[in-house]
Each structure stands twice: as C-alpha cells, then as structure tokens.
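Written out below as structure tokens is the structure these notes cover.
The values are calculated or read from the model by the stated rules, or taken from the named source; none is laboratory data. Computed from a predicted structure; not experimentally measured. Cβ: placed from backbone, ideal geometry, glycine included. Neighbour counts: every protein chain shown.
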Amino acid sequence: MQAIATLRQLPLVDASSPAPVIIKAETLAATAAAGENAMHPGVYKAAMLCWVGFLLVFWVTFWMSAEALFMVAIGTVYGIMAIGIPYVLSRVGPERPAPTFDLREFTNRKFNTLYGQVEGLDALLQVIMVPLLLSLGGIAIGIAIHAARAAY
C-alpha cells in the first residue's frame with residue numbers, strides 16, 4: 001500500500017507541451033475517470049470486425065479442404081480465446097464511464113496517450129491497421145487460390 005501511495009505522489013512529465021510541464025498522477029486519474037482519455041468502444045468494434053473478416057476469408061477459401069479447414073478451426077478457437085479472455089477480464093475491474101461522444105466525433109478530437117496527443121483518426125488507424133491489412137491480404141490470397149483451383 002505504501003508503494004502505491006508513493007507512486008501517486010510522483011510527478012509525471014507532459015510530453016505534449018513544448019516545454020515539459022510536470023503534472024500530478026491525480027490529474028491523470030481524474031481525466032481518465034471522466035472518460036476524456038478513454039478509447040471509444042467503436043474503435044475496438046472496428047478492430048474485431050477486421051479480425052472476424054480475416055477469419056471469414058480463411059473459412060471461405062479453405063472450405064473444400066478438410067485438413068486446411070481443421071487448421072482454420074483451431075485458429076478460430078485461438079482467436080476467440082485471444083479476444084474473449086481480455087474482454088472477460090476487462091469486465092472484472094471497476095466500470096469506466098463510456099465516452100459521451102460518438103465515433104465520428106472521436107475521430108475529430110485529440111486523444112491523450114502516454115507520449116502526447118494524437119488525432120482520434122490516427123488512434124483509430126493505429127488500432128485497426130494490422131487487422132485491416134491482413135484482411136485485405138487474405139482476400140487477395142483467397143482470390144489467387146480460387147483462381148488457381150479454377151485453372152485446373
């Protein structure tokens with residue numbers, strides 16, 4: 001308990017300002033508690049949609065091969081575990097207030113991170129970039145596999 005009290009009294013440096021300004025941890029905690037610094041839930045929904053699309057591409061592509069489909073099923077179970085466990089654990093702690101603005105407004109606002117402020121659209125892109133590009137690559141690979149099957 002003493003260590004937590006000591007950590008709360010340590011000052012932090014605000015990297016977003018031109019001259020570093022020391023801010024207290026209580027200020028950061030109050031900002032986060034107010035929901036101002038929370039990532040919009042729509043960002044996570046967009047990322048999950050990309051991952052589900054990626055798995056769907058694999059299911060459609062390898063539907064004809066039982067061996068490949070078995071591996072896709074195993075990958076799907078791992079995906080459900082990788083997404084489900086953090087989701088369940090996020091429900092265990094204290095409830096955070098949801099943002100009072102929609103996803104479109106989130107993309108137009110500034111978003112505080114540990115390393116300074118970024119645009120909401122940039123934060124959204126940072127979260128969904130990998131699953132989105134993997135989904136697009138999976139679609140291209142699926143088209144190539146189906147075209148190769150049709151050629152025989």
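Annotations for the structure displayed:
- Considering I83, I139, the condition of being in contact (Cβ under 8 Å) with a residue 24 or more places away in the chain, under 22 Å from the mean Cα position of the chain (by Cα) and closer than 18 Å to P41 by Cβ is satisfied by I83 alone.
- Residues of the stretch 111-152 that are touching a Phe, Trp or Tyr at 6+ places or on another chain (Cβ under 8 Å), closer than 21 Å to A38 by Cβ and of a type in the set (A, V, I, L, M): V118, A123, L124, V127.
- Qualifying position, being among the basic types (K, R) and exposed (fewer than 11 other Cβ atoms within 10 Å of the Cβ), among R96, R109, R91: R91
- Among residues of the stretch 26-53 that are buried (at least 16 other Cβ atoms within 10 Å of the Cβ), none has a beta-carbon under 7 Å from a residue that is among the aromatic types (F, W, Y) and at pLDDT 90 or above at least six positions away or on a different chain.
- Filter result for L132 (under 28 Å from T61 (Cβ atoms), surrounded by 11 or more Cβ atoms within 10 Å (Cβ to Cβ) and at pLDDT 90 or above): yes
- Counting only helices (runs of 4 or more DSSP H) that sit wholly inside the stretch 35-129, those with at least 3 residues that are within 30 Å of R149 (Cα to Cα) and at pLDDT 90 or above are 41-61, 66-90.
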